[in-house]
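Worksheet: the structure to be examined is printed underneath.
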Amino acid sequence: MSDPLPTELRHAIEARRDRLGPLASRIVYFETTGSTNDVAASLASADRLEASPTDVEGLVVIADAQTAGRGRRGRTWFSPPGAGLYVSVVLRPGRARESVERAIALLTISAGVALAEAVERVTGLSPAIKWPNDLLVERRKLAGILAEGVASPGSGALHAVVLGFGLNVMSAAYPPELSTIVTSLDSELGRGVDRAEVCAEALASLAERYRDLLDARYDAILDAWRARAFGSRGAKVEWDTPAGVRTGVTEGVDAMGALLVRTGEGLERIVAGEVRWGLHAARY
Amino acid sequence: MDLDQLKQILDLVREHELTQFEVEQDGLRLKIKKDASGAFVPVMSHVNAAPVAQVAAPLAAPAMAPAAPAAVPPAAAADVDIELAVVKSPIVGTFYRAAEPGAPPFAEVGTTVKKGQVLCIIEAMKLMNEIDSEYDGEIVNVYVENGQPVQYGERLFAIRTK
C-alpha cells in the first residue's frame, strides 16, 4: 500500500508543473518500500499486459526509505529514512521522434545530466559526471542511477525503461566508513538542504532532458554531458574484461554515448561494465 | 560426406550440447539424435526433394568450422521433426546470465522456458535489458559466457521449441 505524498513535496512538485510534461502525472509514494525500481517495474509490466493499457510514461515512484535499495549488478544502495532521494521514473525512449536506438543509448546519459543540473539549480554545487552517469563531487559519489528495461511481450522490443536514482542529501544517507568515496549535499554545503525542493527539481530537470531526448536533440544532451564529464578525455582508466584488467586513456564519447579509450592496440569502444578512473585523472 | 566430416559434425553437436541435429549436403541428409542412454545415433539418408528447396538451410562447409557456431538448422526447414529457435542479441552490450553475481542463472541447458520468461540481461549504457524468451521450449545451448561482450545479432541461446 502506498502512502499519501507529503505536503511539502506535493507543493514543490506542483510549483514546477509547467516544466514536468508527462512526468509525475501519477506519483506513487511510500514511507518505506523494498525498491522503488521494483515497484515501478511491476506497475509498468502489469500495464503492458492490459487489453487497453494506461500510459505508464511519466509514472513516478518515490520512497522516503528503501529496505532493498539496489545499485548495479546487485549492489546495495543504502537507503535510510529521511536522508536521501530514492526515486524511480518510467520513461519511454522508444517514442523518440527519430533514431530511437540513439535515444535509448543516451537515456541514462540524459538522466545524469538532468540530475547534475537539478543539484546545481537548487544548491549551487556543480557535480561532475563519471561515465556514463554517476554524479561526483571532488571524486566522491553523490548520486547513482540504475536503469532497467521492461520488454514488450512477444516482440521483445523495449516497452519502457524504469530509471531509478539515489541521491545522498544528508550524510546519514551512507555508512560513515564510506565517507572517503561517498558524499552528500549537506556535507558539501555545510548546511541543511530542502529535500523536497531537490526532489521536485530533479523531476523537472529530468522532464526537460527527456523532452530533448524525445525531440532528438541528442547533440545538446551530449554537449551538456561533456561539459561536466571532465575525465572523459585524456584520463587514465582501467576496466575489467573476461580476459583480465585493461587500461587506456580516454578519448571522449561517440554519438551513442560509448566511451572511447585509446589502448596499445587501438581505440576501444566501451558500452557496458564499470570503468575506473586513475587517481590522478583530472577532477576525479 | 566422408568420415572426417561426419566426425566434425558429431563434435560440433557435442560441443554445443545439442540433443538433436540435422544437416543436409549434396542431397544427403544426416540426422543425429540422442538415444535414451544419451549416446548419439547418426542416421544418413538420401533426399529426393529438389536441392533448390534446401538452399534455405545452408549447412555446407562454412557452418562446420568450429569458429562459427551456426550449425543450428533454421526452424523453417521443411520436414524437420524438431524445431530449434535461436535467440539473438538485440543490442551491443555485456551479457549476464544471472540477476546479480552469485545468483542462479535465469536459464541453463535443460531449463524449460516459457514465452516471456527472462533468459538473460544485457547491459548497455548502464541500462539493464532483460531479454525474454519468444518461445515455449527447452534451452539446448547457451552460446555466450557470463560477463562477455555481445554484438548485435550474436547468438545467445538455442531453444528446442514445443
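So here's what we get for this one:
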{"quantity": "Carbon + sulfur, % of accessible area of chain A - ligands and nucleic acids excluded, 1.4 Å", "calculated": "51 percent"}
{"quantity": "Whole-angstrom gap from the range A:223-284 to the range A:56-89, using each part's C-alpha centre", "calculated": "28 Å"}
{"quantity": "Pairwise FRET efficiency - A:R139 versus A:S42, Cβ, R0 = 30 Å, nearest 0.05", "calculated": "0.25"}
{"quantity": "Solvent-accessible surface ranking, highest first, for B:K115, A:K236 at 1.4 angstrom", "calculated": "A:K236, B:K115"}
{"quantity": "Amide H contacts under 5 Å for B:E83, placed H, 5+ residues apart", "calculated": "B:T161"}
{"quantity": "GluC sites (Glu not before Pro) within the range A:136-212: DSSP coil, no more than 15 neighbouring Cβ in 10 Å", "calculated": "A:E138"}
{"quantity": "Cα gyration tensor shape for chain A, rounded if a/c is under 1.5, else prolate or oblate", "calculated": "oblate"}
{"quantity": "Residues B:K162 and A:L125, FRET efficiency given R0 of 45 Å [Cβ-Cβ distance, rounded to 0.05]", "calculated": "0.20"}
{"quantity": "Potential extension, A:R276-A:A65 segment - 0.36 nm per residue separation minus Cα distance", "calculated": "73.1 nm"}
{"quantity": "Residue with peak Gaussian network fluctuation, chain A [Cα springs, cutoff 10 Å], from A:S25, A:S205, A:S35", "calculated": "A:S25"}
{"quantity": "Chain pair B, A: total accessible area buried, heavy atoms, 1.4 Å probe, Å²", "calculated": "2000 Å²"}
{"quantity": "Cut-off under 5 Å, modelled amide H: who pairs with A:F30 long-range", "calculated": "A:D3, A:I62, A:A63, A:D64"}
{"quantity": "Of A:Y86, A:Y29, A:Y210, the one that fluctuates the most in a GNM where chain A has Cα springs shorter than 10 Å", "calculated": "A:Y29"}
{"quantity": "Extension gain (nm, one decimal) between A:K236 and A:D194, 0.36 nm per residue minus Cα-Cα", "calculated": "11.4 nm"}
{"quantity": "Whole-number percent relative contact order across chain A, with pairs defined as alpha carbons under 8 Å at least 6 apart", "calculated": "18 percent"}
{"quantity": "Average Cα contact separation per residue, the range A:231-277, under 8 Å, 6 or more apart, as relative contact order %", "calculated": "36 percent"}
{"quantity": "The range B:74-161: proportion of alpha-carbon pairs further apart than 21 angstrom, %", "calculated": "26 percent"}
{"quantity": "Amide H partners (placed H, <5 Å) of A:V169, local residues excluded", "calculated": "A:G84, A:L85, A:L185"}
{"quantity": "Under 13 Å, Cβ to Cβ, from A:T76 - net charge with Lys/Arg +1 and Asp/Glu -1", "calculated": "+3"}
{"quantity": "Accessible area per residue in Å² at 1.4 Å probe, computed on the range B:74-161", "calculated": "44 Å²"}
{"quantity": "Column: log10 I(q)/I(0), Debye, Cα scatterers of the range A:109-164, q = 0.15, 0.23, 0.27, 0.31 Å⁻¹", "calculated": "-0.50, -0.83, -1.02, -1.19"}
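The values are calculated or read from the model by the stated rules, or taken from the named source; none is laboratory data. Quick caveat, the model's predicted, so the values are computed rather than measured. For neighbour counting, all protein chains shown are included, and Cβ atoms are generated from backbone atoms with ideal geometry for every residue, glycine included. Each accessible area value is taken on the protein alone, full model and side chains, heavy atoms only, with ligands, DNA and RNA left out. Shrake-Rupley method; radii C 1.70, N 1.55, O 1.52, S 1.80 Å.
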